Every structure is written in structure tokens, then in C-alpha cells.
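Have a look at the structure below, then the notes.
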Amino acid sequence: MEEDKVTNPVKLVIIGGSAGSLEVVLKVLALITDKPSFALVIVMHRKSGEDSLLEELLAIKTKIKVQAVEDKTEMKPATIYIAPSDYHLLFEKNSTLSLDTSEKVNYSRPSIDVSFESAADVYGSDLVGILLSGANSDGTEGLAAIKAAGGTTIVQDPETAETPYMPKYAIQHLQPDYILDAKGIAAFLNLIDKNSPDKAA
Amino acid sequence: MIDDRELEILINEIFEYHGFDFGGYSRASLKRRVDRLYNLDRFTNFSQFLMKIREQPDYFKRMIEEITVNVTEMFRDPQFYKVLRTEIIPVLATKPFIRIWHAGCSTGEEVYSMAIMLKEANVLHKSLLYATDINPLVLDTAKEGVFPLRMMQQYSENYIASGGKEDFSKYYTANYGLAKLGGELSEKMVYSLHNLVSDGSFNEFDLILCRNVMIYFDKDLQERALNLFDDSLAKLGYLALGTKETLKFSQLKSRYQQINPNKLWKKIK
């Protein structure tokens, strides 16, 4: 893996996933350090009204703090934030999260594209965007925005995805920095953590 | 795509030329909405976009319609309506007169939902539902009470999930793909333009609903709006916010008691 790719201090890692992505998220979370130097935002398509269920599930499976998102929640490092169902999740310049009930994008709310684009606008090269398994084309335009803003893009290896359409679609339309399986994604995140200015040297 | 500097120029110009102040709006969301309009109308040059907004009142009107979010549903979050129906309306029903304010009512789905519940509780005749929005076009739709017929299936399910016992279809008449609500339901509704950024309190209410409106504001403007609601709420009145909104960050927090786990607060001081 090219260790020199991540030169900026990564402030935010944003993960987008749909069908078949929950398992990957759980696998990745189990393998990464308990106190990462970055904040972690997860945007996952799902039925509305299942927010606390997913939050509780993740909280059981990881030692990293899981924080429920309300409008204008302030993001902190070493914390996981999950986009609530039926809202788009947006990023403000002052590290707070905003919610938005506007039209669905790619038949989805939350839409991965919407959150990726907003994160790219605010975090630029301090951002890592990861797109996982899914059955829809959401996320590809968002990854392109992250790439254009100088961030790092990772797509789950479609071979390892339960529903490969979403990662495949992304790879067909752009060249991600890395194509990795769950283990590879975790290793990458641990590497950023190790290289963060707070922890290096 | 417009950049941050252009967005600030636009905000200033809108205020200067049209008197609408978007300065307290959440930038992430506003930028996305403006970008969407800019692309939708195929602008390639920011100055042309700005000039059109400045000089063409019709286009400015279009802009307001397009950048404000008007996505709403009848009985959205049925559990919330269930609490209104079972816990709040029975309390309000003991009053001689019930005044309710829907702040940021958009096309009125929430107002009609409320009217249905008040009617079923036999208190609609002594209620007044004030509904306000910044966008005149949505108020026209709300007044007419005409919604797409294809939505009625979903609304009917929401209604049942909220504890509704009647046949939902009795509340509308279907015609050419449209569902017309109204008649008795709309008799107690008063629609009016009101801007939460710049307008003040205009009455005292027993219940104020402002759901998924303040998410488009920054924290300072949220505080202003909350103070406006506080000024407009009778003691022991109720404030209802969206499922992901909170009083937690507000100075007013200590004067309200949350009715858990739903997004309803009772004014206790």
C-alpha cells in the first residue's frame, strides 16, 4: 500500500453503503483502533425509523463511541456518527452536522452522494471517502467530488461485496485511490491513525 | 458550482435588493439548494445569475420557491402524531378555545393532519390553526388543500399508524389524479406569510409546531426562532420540533420539560 498517499491529517472518514454493507462496516470497526484520530461518519441506506436499532447494534460491536446525530451535533474525533434515516446529512464549516429533508437523491434519503459532496466541500484533502456494497448507483458522484477536492477515495472490492453493483458502478466511472476488502480498509484506517500528527513521532 | 465567496455575495444582494435575510441559514444546505437551482437553470456565469435575481422579480420568486425546502407529508412520523392524539389533544380539549401555530407549514399537509385529529376529538369547532410560511406559493397550495392522489395510500398508512380509526378516504374527494381535502377541515385554518428570520410574535398559542424548519438555520437563528416561539407560547403550552431537532443546545432549555421520547416540550416557566 502506498503509505505516502495520505499526507494530510485526516479529520474525517466517511463511509457510504447500502444493501450488504452493514456486515462490512461491523468487520471494519472491529479491526480498527479504539480511539482513532479522526471522526467517522456512516451513511447507510435503510428503512426509516430504524435509527436507534442501528446505533445500538454498532455500539455493541465497537469500542469507539457511537453518537446519535441530531441537527447541529458537533463532531469530535474518535466518535462514530450515523446519518439518521429520512434526512440528508450535511457538513458545516464549524464541525457541526446539519440535517435536510429535501427531495430524495438516487431514490435515497440519506443519499451518499449528498453527504460525500458536502464533506468534500468542507474537508477537501483532509477527507477519506469509502464506498461499500449496495444495489444502487448512489455514492459515485460523491466519490468523484471527494477526489476532485483532493480527498482519498476507497471502494470496496466488488469481488468481496454481497451486492457488488454500487462499488462496481463507482469503479466503472472513476478511478478510486484504493480498491480494498474489509480487512484492507481497516488496515488503511489504522495507518492513517498511526500517521496522524498527534500520534506520529 | 458556486463557491463560498459567491454564496456570501448572493446572500448580501438578496438582502439588499429584496429584504430577505438568508444570513442565518445553514450554509451547507443553502449552498446545495442554490447550486441545484444554478445547475437546473443552466447558468454558467455567476454574474448573470446574480443579475437575474437582482433585476427580475419573477426570477427572484422562483429562487425563493426553489431554495426553500418544501418536502412534507401527512402524518409524517406517525408515532409523533400518536402522542399528539393521545396525550396532547386531550389536554388542549379542556380549554374553551385552542390556538395552534404551524410555523413553516409548507404545502399544509401537517395542518390538515392536525385538523383531522382535532375533528376526531370533537374539538375542531373551537380550534384555530394558524399556518405560516415564507413562501407564498406553498401557501396557495395549502389553502386549496389539493394534493397528489398517489400520495394518499402512504398518508392513509401513516394515519392508521398514528392511531387513526376512521376510513381515511372519507377526508378527501378524488378527481383526475388529485385529492381535495377541505370543507369542514379547512374552515378553521388561517394562512399567512411569516418569516421566522424577521417577523415577530403575532398571537399566543397553546401548541406551536415547527418541524424540520429550523434544521435549515444556523444555531444563532435557531435561538432567535426559539425565542419567538417562547414569546408566542402560553404557559403550559407545547412546542413540537422535528424528530432530530432539540432544545438541548438552547438557553431556553431549563424552562421546558421534554415529553419523552418524542419531540414535544412543555413550557413550564
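The values are calculated or read from the model by the stated rules, or taken from the named source; none is laboratory data. These figures come from a predicted structure and were not determined experimentally. Here the Cβ is made from the backbone with ideal geometry for all residues, glycine too, and neighbour counts use every protein chain on show. Heavy atoms of the whole protein, side chains included, go into the accessibility calculation; ligands, DNA and RNA do not. Shrake-Rupley method; radii C 1.70, N 1.55, O 1.52, S 1.80 Å.
Annotations
- Matching option when the condition is more than 13 Å from every other protein chain (Cβ to nearest Cβ) and either assigned to a loop (DSSP other than H, G, I, E, B) or charged (D, E, K, R) (or both), among B:K248, B:K253: B:K253
- All conditions but one from (1) more than 13 Å from every other protein chain (Cβ to nearest Cβ); (2) more than 29 Å from B:D77 (Cα to Cα); (3) among the β-branched types (V, I, T) apply to A:V122; the one that does not is (1).
- Subset tally (residues that are open to solvent by 10 Å² or more (accessible area, probe 1.4 Å) and either closer than 19 Å to A:V10 by Cβ or not hydrophobic (A, V, I, L, M, F, W, C) (or both)) for the range A:153-165: 8
- Candidates A:K35, A:K93, A:K63, A:K47 - the one that is assigned to a loop (DSSP other than H, G, I, E, B), farther than 30 Å from B:F80 by Cα and within 14 Å of chain B (Cβ to nearest Cβ): A:K93
- Filter pass, A:D100 being surrounded by fewer than 20 Cβ atoms within 10 Å (Cβ to Cβ), out of contact with any Lys or Arg (no Cβ under 6 Å at 6 or more places or on another chain) and within 14 Å of chain B (Cβ to nearest Cβ): no
- Candidates are the residues of the range A:75-90 that are under 21 Å from B:Y25 (Cα atoms) and more than 9 Å from every other protein chain (Cβ to nearest Cβ); the one that is nearest to the chain's Cα centre (by Cα) is A:A83.
- Within the range B:210-237, tally of residues that are open to solvent by 30 Å² or more (accessible area, probe 1.4 Å) and in contact (Cβ under 8 Å) with a residue 40 or more places away in the chain: 3
- Taken over the range B:139-183, residues that are of a type outside the set (K, R), in contact with a helix residue (DSSP H, G or I) (Cβ under 8 Å, 6 or more places away or on another chain) and under 17 Å from B:V71 (Cα atoms) amount to 6.
- Residue satisfying all of: in the range B:207-227; within 12 Å of chain A (Cβ to nearest Cβ) and among the β-branched types (V, I, T); nearest to B:N135 (Cα to Cα) among these: B:V213
- Taken together, the residues in the range B:179-203 that are closer than 20 Å to B:L118 by Cβ and among the hydroxyl-bearing types (S, T, Y) amount to 3.
- Sole exception among (1) part of a helix (DSSP H, G or I); (2) within 16 Å of the chain's Cα centre (by Cα) for A:L53, by number: (2)
- Among the conditions (1) more than 21 Å from B:R224 (Cβ to Cβ); (2) open to solvent by 30 Å² or more (accessible area, probe 1.4 Å); (3) part of a loop (DSSP other than H, G, I, E, B); (4) away from chain A (no Cβ under 14 Å), the only one that B:E87 does not satisfy is (3).
- Going through (1) modelled with pLDDT of 85 or more; (2) out of contact with any helix residue (DSSP H, G or I) (no Cβ under 9 Å at 6 or more places or on another chain) one by one, A:E2 falls short only on (1).
- Candidate set: the range A:166-196, residues that are touching a helix residue (DSSP H, G or I) at 6+ places or on another chain (Cβ under 7 Å), open to solvent by 60 Å² or more (accessible area, probe 1.4 Å) and in contact (Cβ under 8 Å) with a residue 24 or more places away in the chain; chosen: the one nearest to A:H45 (Cα to Cα): A:Y169
- The condition of being away from chain A (no Cβ under 13 Å), hydrophobic (A, V, I, L, M, F, W, C), farther than 30 Å from B:M117 by Cβ and in contact (Cβ under 8 Å) with a residue 60 or more places away in the chain holds for only one of B:F15, B:F49, B:F20, that being B:F20.
- Residue pairs whose Cβ atoms lie under 8 Å apart, separated by 6 or more positions or on different chains, with the first residue in the range B:153-182 and in a strand (DSSP E or B) and the second of a type in the set (F, W, Y), are B:L178/B:F147; B:A179/B:F147; B:A179/B:Y172; B:K180/B:Y172.
- Of the residues A:N136, A:N106, the single one that is more than 9 Å from every other protein chain (Cβ to nearest Cβ) and touching a His at 6+ places or on another chain (Cβ under 8 Å) is A:N136.
- Scanning the range B:223-269 for residues that are touching a Phe, Trp or Tyr at 6+ places or on another chain (Cβ under 8 Å) and either small (G, A, S) or closer than 15 Å to A:T73 by Cα (or both) yields a total of 8.
- When residues in the range A:14-54 are screened for being buried (at least 19 other Cβ atoms within 10 Å of the Cβ) and among the charged types (D, E, K, R), 2 of them pass.
- Qualifying position, being closer than 22 Å to B:E73 by Cβ, at pLDDT below 95 and touching a Ser or Thr at 6+ places or on another chain (Cβ under 8 Å), among B:K244, B:K263: B:K263
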